[in-house]
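Engineer: The structure follows.
The values are calculated or read from the model by the stated rules, or taken from the named source; none is laboratory data. The model shown is predicted, which means the values in this text are computed figures rather than measured ones. Reconstructed Cβ throughout: ideal geometry from the backbone, glycine too, with neighbour counts over all protein chains shown. Note: accessible area is taken over every heavy atom of the protein model, side chains too, but ligands, DNA and RNA are not part of it. Shrake-Rupley method; radii C 1.70, N 1.55, O 1.52, S 1.80 Å.
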Amino acid sequence: NARAASDSTEDAVAFAAALAPMSAPPECSGAAGVAQVASTVAGQLRSLAGRGLALPAMHIEHVRRAIDHAGVALLDTPPAGDPAARLAWAEAAIVLQLAPLPPLAEALAAMAEGIDPEGLREALLPVDAPSAEFTRLLAAAIWIVKDGVKCDSSWKASRQWILDDPAGFVKSLVEWNPFGGGAGPRIARAQQLLQDIWGWAALGCAGNAALAGIVAWASLATAMLPLAEARQKLAPVHRELKKGLARIQRAQRGQAADVAAKAWTSALFLLDASGSAWWWLRLIRPSAHKEPPWTDGDDGGVAAAPHAAAVGRSEGIIGFAQEATAVDEGPVVPEGEADEESDTAVGEDEAAVEQQETKAPQTSDQPGGGAEGGEVV
């Protein structure tokens with residue numbers, strides 16, 4: 001026993017030493033750098049989940065710091081005053097904010113795949129009068145994955161659903177789409193339930209690895225909510241910007257300026273759609289305190305921004321945007337059919353990301369409060 005305890009302690013120490021620190025602000029450049037930070041975070045979250053540990057909040061905050069760091073560099077190099085440069089700059093800013101989503105979605109699905117259905121069945125079979133924590137955990141998971149106006153998260157309904165098909169329940173976690181629309185209120189409810197059971201979860205979920213796996217999965221799903229909600233708003237803007245840049249690249253010599261002006265006008269309908277100025281930069285948190293990238297008109301007109309000449313030219317910004325677009329910037333699901341001018345490459349790129357999305361919200365790591373689980377709402 002002493003030998004086993006010593007080995008276990010050494011293993012825990014070695015594991016802790018191998019973890020990447022999340023306290024230091026990450027220094028990264030561009031969407032590729034943000035994606036790399038997110039990949040590191042995703043791998044670490046998976047490793048922690050494999051040991052029954054759930055620490056999503058500090059990891060998601062680390063990703064958001066990466067977005068901030070790379071975003072400041074972009075904000076400090078505003079575009080030149082022509083439409084093509086502004087299209088490219090705006091596209092690069094959005095790609096930067098979408099870049100972390102694919103690795104995080106993959107980590108979420110992988111966590112679910114690690115949940116043992118038989119271990120879950122064994123935890124449920126002997127329990128007729130469950131603890132409040134057990135009830136709330138299952139209710140939280142069901143609030144996340146169940147669509148519809150009403151969600152029966154009572155213990156009886158939850159237990160029976162899972163016992164009828166534990167493998168099917170785990171599959172529903174694996175296939176849950178964190179970027180589906182309208183999930184915000186359900187995830188907020190699940191977050192409240194998870195807050196109530198955090199002490200129980202931190203002690204190991206009564207020693208059941210399957211339940212600890214559900215805690216890790218549900219905790220990351222709720223922690224991703226701000227990123228997922230931002231993606232819902234940014235995706236259609238990103239599609240329009242990509243179409244515009246593709247049109248400029250295809251334009252014949254002498255027509256590029258007119259094509260760029262029309263593409264920028266189309267993009268402005270989406271960029272200016274919100275009542276909040278510069279809403280599409282919101283995930284880059286320093287943007288709230290820095291000078292806007294251009295200040296020459298409420299409608300985003302194309303005259304030169306006051307400080308653009310010293311730091312930005314169209315060619316450099318467009319090159320940066322092309323490099324950023326090469327990064328797997330996150331799920332972008334087409335809404336309706338593309339117009340006849342959208343190029344094939346854009347459509348193929350979006351379809352590839354959509355396929356990944358179908359495979360697979362900032363919270364405190366020590367929540368508290370919340371209402372009772374097990375209700376029909």
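Engineer: Of K233/K290; K146/K242; K243/K290; K233/K262; K242/K262, which sit over 24 Å apart, Cα to Cα? Walk me through the numbers before you get to the answer.
Structural biologist: Numbers: K233/K290 22 Å; K146/K242 34 Å; K243/K290 29 Å; K233/K262 22 Å; K242/K262 14 Å.
From K233/K290; K146/K242; K243/K290; K233/K262; K242/K262, over 24 Å: K146/K242; K243/K290.
Engineer: Another one. Give the average over all directions of the projected area of the C-alpha convex hull of region 171-260, one decimal, in nm².
Structural biologist: Values: hull surface 33.4 nm².
Projected over every direction and averaged, the Cα hull of region 171-260 covers 8.3 nm².
Engineer: Something else: Counting only heavy atoms of protein chains, what accessible area per residue, in Å², does region 100-142 have with a probe of 1.4 Å?
Structural biologist: About 36 Å² of surface per residue is accessible.
Engineer: Rounded to the nearest 10 Å², what accessible area does E122 show when all protein chains are kept and the probe is 1.4 Å?
Structural biologist: Here the accessible area works out near 130 Å².
Engineer: Follow-up. So what does K262 come to for accessible area, using a 1.4 Å probe and Å² rounded to 10?
Structural biologist: Rounded to the nearest 10, that gives 150 Å².
Engineer: Also, quick follow-up: Just how far, in whole angstrom, is region 105-135 from region 198-268 if you go by their alpha carbon centroids?
Structural biologist: So the two Cα centres are separated by 29 Å.
Engineer: While we're here: Give me the tail of P(r) for region 227-285 as a percent: Cα-Cα pairs with distance above 13 Å.
Structural biologist: Details: 1087 of 1711 pairs.
The calculated P(r) of region 227-285 puts 64 percent of pairs beyond 13 Å.
Engineer: Bin width 5 Å, origin at 0, all Cα-Cα pairs of region 1-126: what percent of pairs per bin?
Structural biologist: All Cα pairs considered, the percentages come to 2, 10, 15, 15, 14, 13, 10, 7, 5, 4, 2, 2, 1, 0, 0.
Engineer: Here is a follow-up. Which order, highest average first, do 263-276, 100-113 follow once you tally other Cβ atoms within 10 Å for each residue and take the mean per peptide? Write out the running numbers ahead of the final one.
Structural biologist: Working: 263-276: 15.5, 100-113: 23.7.
Ranking the peptides 263-276, 100-113 by packing returns 100-113, 263-276.
Engineer: Using θ = phi - 60° and the Karplus relation 6.51 cos²θ - 1.76 cosθ + 1.60, list the HN-Hα couplings for region 210-221 in order, rounded to whole Hz, with x at every Gly or Pro.
Structural biologist: Coupling constants for region 210-221: 5, 5, 4, x, 5, 4, 4, 5, 5, 5, 5, 4 Hz.
Engineer: Additional query: Using a 1.4 angstrom probe on heavy atoms only, work out the carbon and sulfur share of the accessible area of region 92-199 in %. Before the final figure, lay out the partial values.
Structural biologist: Values: 2020 of 4050 Å².
C and S atoms contribute 50 percent here.
Engineer: Give me the 1.4 Å probe accessible area per residue for region 158-269, excluding ligands and nucleic acids, in Å². Don't skip to the answer; put the middle values down first.
Structural biologist: Values: 4430 Å² over 112 residues.
Each residue of region 158-269 exposes 40 Å² on average to a 1.4 Å probe.
Engineer: What ratio of Cα Rg to 2.2 N^0.38 Å holds for region 130-207?
Structural biologist: Here the answer is 1.09, to two decimals.
Engineer: Order H69, H59 by their accessible area, 1.4 angstrom probe, all chains in place, largest first. Don't skip to the end; give the middle numbers.
Structural biologist: Values: H69 85, H59 0 Å².
Order by accessible area, largest first: H69, H59.
Engineer: From the C-alpha coordinates alone, can you work out the Kirkwood hydrodynamic radius of region 92-245, in Å?
Structural biologist: Working: mean 1/r = 0.0610 Å⁻¹.
The Cα-based Kirkwood calculation yields 16.4 Å.
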